[in-house]
2 protein chains.
Amino acid sequence: MSSTLPEPEPLKALIEALRRLPGVGARTARRMAYHMLQHDVAGAQHLAAALGDAVRDLRHCERCNGFSDEAICPVCANPKRDPSLLCVVETPADQNMIESSHGYKGLYYVLMGRLAPLEGVGPAELQFDRLIRRACDGEVREVILATNFTAEGETTAHYLAESLRSHGLAVSRLARGVPAGSELEYVDAGTIAWALMERRSS
Amino acid sequence: MSSTLPEPEPLKALIEALRRLPGVGARTARRMAYHMLQHDVAGAQHLAAALGDAVRDLRHCERCNGFSDEAICPVCANPKRDPSLLCVVETPADQNMIESSHGYKGLYYVLMGRLAPLEGVGPAELQFDRLIRRACDGEVREVILATNFTAEGETTAHYLAESLRSHGLAVSRLARGVPAGSELEYVDAGTIAWALMERRSS
Ligand SMILES: [Zn+2]
Ligand SMILES: [Zn+2]
């Protein structure tokens, strides 16, 4: 705008880059930039390095599709976990919530998303074929669908249930102890433990 | 916590780095990291580069102390601005708000903070001596104190007013048209224009 002061180019570029973070608008981005440049230059350098490292070093676990810095993540590589159970979640945050319930000792598969046709996210984008192959390794007996109890999460679960059942797998869904319409990440661990126990055939 | 999954080191480091941003807690940082790594790797690289550039290229204008990529910023170098007026603000955001009121054609000095004894921010930390030197360049006739109308902003203004007056400078304060207790950044431009017009001797 002509009514505000010209900002130096590197500052403008930094503010624009920060705006790409989820939930960060113009004003927040500007405050973040000012703060780092004025009060935490070390933090800015630290963040730049961490971003570079993460982009370079992180990949997806070949088995569960979660973030990992090795080909197979520690959870998938853990021989103490029950390989006959595969829990499908939308995000690593959901996986963390399930884990914190202490109610689950099987393995995971992280979709890294959910079916959202309006946003162009279909079975191909989520690589459902990869999940099916993973679930058909001969060891998995039951797939627990722990997608969110939102419209999109339910659609994803229905779609996956049909696919997986057509491959002869037992499929269950977290019990409806989880309040309908809510996201797993915001549900308390006790409720999740209960929902895991009460899971029903899907 | 032992109850959540181990996160790969580069992911953990990125989340920690994001938490140093103002207003960003653990959950928000995690969401930001997941989002960038899953959906916007280009954005992550972009942000890393922008941070590096800003830290390397940005400095403080020698005259106004605002962010600049040159020794003297375009505002201070603009011969059309009135060098007899110097407006003191806490932050570049406040400077932008004053500018957007179209009510001011003088020069600025950006404190990059305010007196906050409890946080260890005193006159030395804010380099008040630099401001005094700037104001005593022989061209400045009036210093307009446009710090926030918060307790800390008022304290800063009182302190500066005494200092500046002891150097024979005329000192004024934005009129109380600005609602008491509020921060300039959140005040509409019309109110600021009015407060500038009605500024009183401080
Ligand atoms: Zn894995
Ligand atoms: Zn300047």
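Quick one: in region B:108-133, of everything that is out of contact with any Ser or Thr (no Cβ under 9 Å at 6 or more places or on another chain) and surrounded by 20 or more Cβ atoms within 10 Å (Cβ to Cβ), which residue is nearest to the other protein chains (Cβ to nearest Cβ)? Per the criteria, the residue is B:Tyr108.
Among what's in region B:110-139 and is at pLDDT below 95 and closer than 25 Å to B:Ala193 by Cβ, pick the residue that is farthest from ligand 1 (Cβ to nearest atom). So the residue we want is B:Arg114. Filtering region B:140-184 to residues that are open to solvent by 20 Å² or more (accessible area, probe 1.4 Å), at pLDDT below 80 and in contact with an Asp or Glu (Cβ under 7 Å, 6 or more places away or on another chain) leaves only B:Gly177.
The condition of being crowded, with 19+ Cβ neighbours inside 10 Å, within 13 Å of ligand 1 (Cβ to nearest atom) and either of a type outside the set (Val, Ile, Thr) or more than 30 Å from A:Ala13 (Cβ to Cβ) (or both) does not hold for A:Pro74. A single member of A:Asp53, A:Asp40 is surrounded by fewer than 18 Cβ atoms within 10 Å (Cβ to Cβ) and facing chain B (nearest Cβ under 8 Å), and it is A:Asp40. The set of residues in region A:23-45 that are farther than 18 Å from B:Thr28 by Cα and assigned to a helix (DSSP H, G or I) comprises A:Tyr34, A:Leu37, A:Gln38, A:His39, A:Val41, A:Ala42, A:Gln45. Filtering region B:57-78 for residues that are out of contact with any helix residue (DSSP H, G or I) (no Cβ under 8 Å at 6 or more places or on another chain), facing chain A (nearest Cβ under 7 Å) and either part of a helix (DSSP H, G or I) or more than 16 Å from ligand 2 (Cβ to nearest atom) (or both) leaves a non-empty set. Remark: pairs (first residue in region B:81-109, under 13 Å from B:Asn65 (Cβ atoms) and without any contact (Cβ under 8 Å) to a residue 40 or more places away in the chain; second residue open to solvent by less than 30 Å² (accessible area, probe 1.4 Å) and of a type outside the set (A, V, I, L, M, F, W, C); Cβ separation under 8 Å; 6+ apart in sequence or on different chains) = B:Pro92/A:Tyr34; B:Pro92/B:Gly66; B:Gln95/B:Gly66; B:Gln95/B:Tyr108. Residues in region A:1-22 that are within 7 Å of chain B (Cβ to nearest Cβ) and either within 25 Å of B:Arg27 (Cβ to Cβ) or open to solvent by 50 Å² or more (accessible area, probe 1.4 Å) (or both): A:Pro6, A:Glu9, A:Leu14, A:Ala17, A:Leu18, A:Arg20, A:Leu21, A:Pro22.
Could you check region A:23-37 and list, in sequence order, the residues that are open to solvent by less than 20 Å² (accessible area, probe 1.4 Å) and over 15 Å from B:Asp57 (Cα atoms)? A:Val24, A:Ala29, A:Met32, listed by residue number.
The values are calculated or read from the model by the stated rules, or taken from the named source; none is laboratory data. This structure is a prediction, so every number in the text was calculated from the model and none was measured. Quick reminder, even Gly has a Cβ in these numbers, built from the backbone with ideal geometry, and neighbours come from all protein chains shown. Note: accessible area is taken over every heavy atom of the protein model, side chains too, but ligands, DNA and RNA are not part of it. Shrake-Rupley method; radii C 1.70, N 1.55, O 1.52, S 1.80 Å.
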